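A quick write-up on the structure given underneath.
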Amino acid sequence: MTSRQRVYAALRREPADRVPIFMWLHPDTARHLSSLLEIPDASVAEAMGNDIRQTWVNNNYAMEGIVHEHDGDSHLDFWGVKWVKRHSFNQIESFPLASATPEQVLEYRFPEQHIEFLLSLMQPVLDAPGDCFIGCDVSPCVFEMCWRLRGMENTLLDMASDPEVAAEMLSRCADFAVRVGEEACRRFPLDWFWTGDDVAGQTSMMMAPSLWRKLVKPPLQRVFDVGRSHNLCVAYHCCGALRPIIPDLIEMGLNVLNPVQANCPGMDALELKREFGSSLTFMGGVDTQDLLPNGSAADVRRATARLLAGMTSDGGGYILAASHTIPPETPDDNIFAMYAEAGVSREEIFDRAAQIRLRLAGSGPAPRPI
């Protein structure tokens, strides 16, 4: 099967030659594997067997797509958010609307003049070799985009004490995601529409579910509807304990839920599969906090085997992924053990890396399907 066929089989809850994979790597992990496999960082996902290719066309580009060499390096993004590299990740240093009055908040304008550039980020994805499943990431969509502009505390206070201003700003965040999403769906041969809005922490939602339903759900529905109107599967990323709103997300037309942080209350992957597996495909669930960095290779194989068996109990409905990026302290043997349990051997990975080196040298054969 090609990667595209494999992912579609999972979405239809049908058996495939192996479980599809969409693994995210910590930047330091990617650099390490790049050195180990003797290929560029950008080719590591292909060598490791990722079946899905996608990139960011909204503010997550500013967080993940701009890569600094040294901790302390910074940039000001198109939205006016200042990011600083700390411990290999870009983190927000200042929020453009942190000190704004309600009137100033409503005067803010989103960077529509940069939409063409943001959409151009999809070209390398479209040019990637092989028959991969193609996605476009329009996150953060509503609440998370709002707090990146206003600050978390201010945003939550606005939602509680000035709901009219909060509702208007949340709606405008959605407007921008809808605008870039509509253009992406119109221009590109997409297979799914990737959304995201972190609204939960490690132990609970960041707000009462009732407040989420009142202020966040309606604009998020408009973002989901972009993908639905183009007959695309809608995927949604939200870290943490979002169990209380999973029925709402299904009602809204969600197809794929990520990342399934099983260590959070209510987020045990196998329990979610039993309860919601007839409505959702799940992506994630491999523990990155303890299992991958601290377990043995045998531990990783056992846990991955249990996860795969439970999450594909209906024939499919699962995409193998970790609950976060694979951390740099993860032993190589643990990474390869997880892939081996999914049907991708160490030998296959190194063989694919050799093919990539030949191709980049200009003398290699066409890539074989992942």
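Every read-out reported here was derived from the displayed coordinates using simple, explicitly stated rules and does not represent laboratory data. Please read these numbers as outputs of a predicted model, since none were measured by experiment. Cβ: placed from backbone, ideal geometry, glycine included. Neighbour counts: every protein chain shown.
Side notes on the structure shown:
- Angle between the chain longest axis and helix 332-341 axis [Cα atoms, degrees, rounded to 10]: 80 degrees
- Each principal axis of the Cα atoms in segment 168-224 has its own extent, and those three values, largest first, are 38, 26, 12 angstrom.
- Among beta bridges that DSSP assigns inside the chain, antiparallel share in %, nearest 5: 30 percent
- Compactness relative to 2.2 N^0.38 Å, alpha carbon Rg of segment 108-164: 1.63
- In terms of overall dimensions, the C-alpha atoms belonging to segment 150-275 reach 40, 38, 22 Å along their principal axes, ordered largest to smallest.
- Semi-axes of the equivalent ellipsoid for segment 299-344, Cα gyration tensor, largest first, Å: 20, 11, 8
- Rounded Å value of the spacing that divides the Cα centres of segment 95-124 and segment 224-247: 23 Å
- Spin-label model, Glu107 to Leu126: label points 7 Å out along the Cα-to-beta-carbon direction sit 3.9 nm apart.
- Cα centroid of segment 292-355 to Cα centroid of segment 146-201, whole Å: 33 Å
- Classification of segment 1-70 by its C-alpha gyration tensor yields an oblate form. The axis ratio a/c (a ≥ b ≥ c) is 1.5 or more, and b/c is at least a/b.
- Within segment 249-279, backbone nitrogen closer than 16 Å to the virtual label 7 Å beyond the Cα of Arg213 toward Cβ: 249-253
- Sites Met1 and Ser345, calculated FRET efficiency, Cβ-Cβ separation with R0 22 Å, nearest 0.05: 0.85
- Approximate spin-label separation Ser171-Ala42, in nm, with each point projected 7 Å along Cα-to-Cβ: 4.1 nm
- Computed over Cα pairs, the Kirkwood radius of the chain leads via Stokes-Einstein (1.306 mPa s, 10 °C) to a diffusion coefficient of 75 µm² per second.
- Those lysines that a straight Cα-Cα span of less than 29 Å connects to Lys82, excepting residues fewer than 8 apart in one chain: Lys217
- Spin-label model distance (nm) - His70 vs Leu157, 7 Å beyond Cα toward Cβ: 3.6 nm
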